[in-house]
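Worksheet: one structure, shown below.
The values are calculated or read from the model by the stated rules, or taken from the named source; none is laboratory data. Model, not experiment: these values are computed from the prediction. Virtual Cβ from ideal backbone geometry, glycine too; neighbours counted across all protein chains shown. Just so you know, the surface numbers come from the protein's heavy atoms only, side chains and all, with ligands and any DNA or RNA stripped out. Shrake-Rupley method; radii C 1.70, N 1.55, O 1.52, S 1.80 Å.
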Amino acid sequence: MITKEGEERVRGWFTGRLPEPWRIAPPEITIDRDEITVVLTIEDVDLPDGSSDAERAEARAGRAKAFREDTREHRIRIAREAEHRFDRKVSWAVRVGDRTELFTHVAAPTMTRLRQPERLVLDTLVDAGVARSRADALAWCVRLVREHEGDWLGELRDAMEHVADVRDRGPSA
């Protein structure tokens, strides 16, 4: 688990390292054991009044694609520096208006042992066509929990941060 101070160091480094035009808003940074995801907010599209939702959505998709292509080499350079400094892969996303597009990300394998009742849940999702495999079904279940238990998970993360802070202030072995 990364400490609050560790998160602040990563956030501060990216804030200082990112070029000014990429910082219309502070970057949204999410960190886990494997990856740092940096979501950049760029300027929204300027369309005439009366533009349709479809036109706006496509304009935002085009702006996101252009940003991805135009900044690729620079993002790779920054990511390499950050990966060396923080020992985690760096993934990028861009937000244009209400559209967020993830460019790259880590799909980390996770091993688990499940008893038959849990396997039956996964097999039902596969048999019903909700998921292609048990792995996809498990990822679907995790997304469902994340969507419906967000407040509870947030409280749990806050409590773990507090424990980590207290542990860091304790005597060293």
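If I compute solvent accessible area with a 1.4 Å probe over the protein chains, what percent of it on the chain is carbon and sulfur?
The nonpolar share, carbon plus sulfur, comes to 50 percent.
How much of the calculated P(r) for the stretch 133-173 lies past 12 Å, in percent of all Cα pairs? Roughly 69 percent, once rounded to a whole number. Comparing Arg143, Arg11, Arg80 in a Gaussian network model of the chain, where Cα atoms under 10 Å apart are tied by springs, the biggest mean-square fluctuation is seen for Arg143. With the cut-off at 1.5 for a/c, could you classify the stretch 16-78 from its C-alpha gyration tensor as rounded, prolate or oblate? Since a/c reaches 1.5 and a/b is larger than b/c, the shape of the stretch 16-78 is classed as prolate.
Heavy-atom accessible surface of Thr112, to the nearest 10 Å², is about 80 Å², with a 1.4 Å probe and all protein chains retained. The coefficient of translational diffusion for the stretch 1-48, derived via Stokes-Einstein from the alpha carbon Kirkwood radius under 20 °C and 1.002 mPa s, stands at 178 µm²/s.
On a 1.4 Å probe surface of the protein chains, which of His105, His74 comes out largest in accessible area, and what is the full order?
Descending accessible area places them as His105, His74.
Per residue, the chain reaches -19000 deg cm²/dmol at 222 nm when only DSSP H runs of four or more residues are counted, each adding -39500 (n - 2.57). Computed over the Cα atoms of the stretch 38-137, pair by distinct pair, the Kirkwood hydrodynamic radius stands at 17.0 angstrom.
Dipole orientation for the chain: of the candidates Met160, Pro27, Gly170, Gly170 has the Cα lying most toward the positive pole (charges on Cβ; Lys, Arg +1; Asp, Glu -1).
Which residue, Trp13, Trp140, Trp22, has the most motion in a Gaussian network model of the chain that connects Cα atoms within less than 10 Å? In this elastic network of the chain, the residue with the biggest mean-square fluctuation among Trp13, Trp140, Trp22 is Trp140.
Out of Val163, Val121, Val94, any idea which swings most in a Gaussian network model of the chain, alpha carbons joined below 10 Å? Top of the fluctuation ranking is Val121. Shown here: volume of the Cα convex hull per residue in Å³, derived from the displayed model; of the candidates [x] 106; [y] 175; [z] 186, it corresponds to [z].
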